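**Q** Right, I'll just put the structure down here and ask away after.
The values are calculated or read from the model by the stated rules, or taken from the named source; none is laboratory data. Predicted, not measured: the structure shown is a model, and the values here were computed from it. Using ideal geometry, Cβ is built from the backbone for each residue, glycine included, and neighbour counts are taken over all protein chains shown.
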Amino acid sequence: MSEPTVPLAATTMRVGYYGDDFTGSVDVLLQFARHGWSGRLFVGVPDAERLREAASAHDVVGIAGIARSLPTARIEAEVRPALEALRAL
């Protein structure tokens with residue numbers, strides 16, 4: 001039995017990502033820009049409204065985090081909110 005589908009919000013976003021450090025997150029965004037995609041990078045998880053605005057205006061939305069510098073036990077608490085925010089789009 002398949003899961004019910006939930007309609008997506010009106011968005012132009014094609015890719016959402018979490019980067020585990022700032023420099024890598026910027027590099028990912030630059031690679032998309034190199035191929036003509038527009039993007040927005042947040043440092044940390046933005047509020048839902050700012051994230052929706054970015055997703056409606058850009059092909060790529062990234063969230064730069066600090067997971068790379070954290071001990072393993074703290075990574076989920078850092079990454080989960082970002083991925084849930086992107087998933088909500």
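**Q** Would you point out the residue of region 50-78, among those that are acidic (Asp, Glu) and surrounded by 15 or more Cβ atoms within 10 Å (Cβ to Cβ), that is nearest to Gly24 (Cα to Cα)?
**A** Glu78
**Q** Looking only at region 1-49, count how many residues are at pLDDT 95 or above, farther than 23 Å from Glu78 by Cα and hydrophobic (A, V, I, L, M, F, W, C).
**A** Number satisfying all stated conditions: 4.
**Q** Also, I was wondering about something else. Among what's in region 19-45 and is part of a loop (DSSP other than H, G, I, E, B) and within 10 Å of the chain's Cα centre (by Cα), pick the residue that is surrounded by the most Cβ atoms within 10 Å (Cβ to Cβ).
**A** Per the criteria, the residue is Val45.
**Q** Here's another thing I want to ask about it. Can you tell me which residue is modelled with the highest pLDDT among those in region 50-89 that are of a type in the set (A, V, I, L, M), assigned to a loop (DSSP other than H, G, I, E, B) and more than 21 Å from Asp21 (Cβ to Cβ)?
**A** Ala88
**Q** Now for a separate question. Which ones in region 17-36 are more than 15 Å from Leu83 (Cβ to Cβ) and in contact with a helix residue (DSSP H, G or I) (Cβ under 9 Å, 6 or more places away or on another chain)?
**A** Asp21, Gly24
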